[in-house]
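K.L.:
Shown below is the structure under consideration.
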Amino acid sequence: MRVQLRLVLECPPDAAWGAIRSPEVFRDVAYPLAEFEPLGDTAFPEQWGEGAYTVAAHALFGIIPVGEHRIDVSLRTQGAVRIFEDEGGPISGPLAVVTRWRHRMAIAPTRDGATLFRDRLEFSAGAATPAIWLALWVFWQWRAARLRRLAPGFASRFTGS
C-alpha cells in the first residue's frame, strides 16, 4: 500500500535538501505524534548520510514506546532531482508487522525558485495493512503541515548543505 504527498515548499531546493537530510527536522516534523531517539550511546549525525541508523520510536509526546525502527539511507541524484531513500522499517514493537518499507523523498526546483517535494511510502503489513495505512496517512498529513510551516526558515538553516 502507499501513502504519498506532493507539495511545494517555500524555500530553495538546496535548503529543502539539507532539511530532509537533517535528523533535527525529521524529529521536528514528527513531533508530537512521534518522537525518535538514537539507540545506545550514539547521537544523531548533523545530516543523514548513506548507511543504516537504528532509532527508538515513541508515540504521543514520547510517552508510548512503539519499538525500534531502522533507517537505511541511500542518496542519489537524477538530473535536477535529489532523492533520499529509506528501505529500513520497523524492527520491533507494534509496527513490526510491516514486512516491506520503502520511503522515498524527492526534491526538485520549481520555476519560481521554490521546491517541489514528493514524499512516498510503500509498505506491506499483511492483514494489518489497512489499519496501518490509516495511521500512516494521518502521520503523513501531519508531516506535510509541519514541513510547510517550517520551510520558510530552511533557507537560513540549510543553504549550502
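K.L.:
If you go through region 78-97 one residue at a time, do you hit one that is out of contact with any strand residue (DSSP E or B) (no Cβ under 6 Å at 6 or more places or on another chain), hydrophobic (A, V, I, L, M, F, W, C), buried (at least 17 other Cβ atoms within 10 Å of the Cβ) and over 27 Å from residue 149 (Cβ atoms)?
P.N.:
no
K.L.:
Is there any pair linking a residue in region 132-161 that is assigned to a loop (DSSP other than H, G, I, E, B) to one that is loosely packed, with under 15 Cβ neighbours inside 10 Å, with Cβ under 7 Å and at least six apart or on different chains, and which?
P.N.:
From region 132-161, no pairs qualify.
K.L.:
Please pick out the residue among 106, 155, 135 that is among the aliphatic types (A, V, I, L, M) and at pLDDT 95 or above.
P.N.:
The conditions single out 106.
K.L.:
Restricting attention to region 62-71, does a residue exist that is among the acidic types (Asp, Glu), more than 20 Å from residue 4 (Cβ to Cβ), without any contact (Cβ under 8 Å) to a residue 60 or more places away in the chain and open to solvent by 50 Å² or more (accessible area, probe 1.4 Å)?
P.N.:
Within region 62-71, one or more residues are among the acidic types (Asp, Glu), more than 20 Å from residue 4 (Cβ to Cβ), without any contact (Cβ under 8 Å) to a residue 60 or more places away in the chain and open to solvent by 50 Å² or more (accessible area, probe 1.4 Å).
K.L.:
Further question on the same structure: Exactly one condition in (1) assigned to a helix (DSSP H, G or I); (2) open to solvent by 20 Å² or more (accessible area, probe 1.4 Å); (3) touching a Leu at 6+ places or on another chain (Cβ under 9 Å); (4) more than 22 Å from residue 66 (Cα to Cα) is not met by residue 118; state its number.
P.N.:
(1)
K.L.:
Okay, next question. In region 1-41, how many are open to solvent by 20 Å² or more (accessible area, probe 1.4 Å), under 21 Å from residue 159 (Cβ atoms) and of a type in the set (A, V, I, L, M, F, W, C)?
P.N.:
Residues in region 1-41 being open to solvent by 20 Å² or more (accessible area, probe 1.4 Å), under 21 Å from residue 159 (Cβ atoms) and of a type in the set (A, V, I, L, M, F, W, C): 3 in total.
The values are calculated or read from the model by the stated rules, or taken from the named source; none is laboratory data. Quick caveat: nothing in here was measured; it's all calculated off a predicted structure. We place every Cβ from the backbone using ideal geometry, glycine too, and count neighbours over all the protein chains shown. Heavy atoms of the whole protein, side chains included, go into the accessibility calculation; ligands, DNA and RNA do not. Shrake-Rupley method; radii C 1.70, N 1.55, O 1.52, S 1.80 Å.
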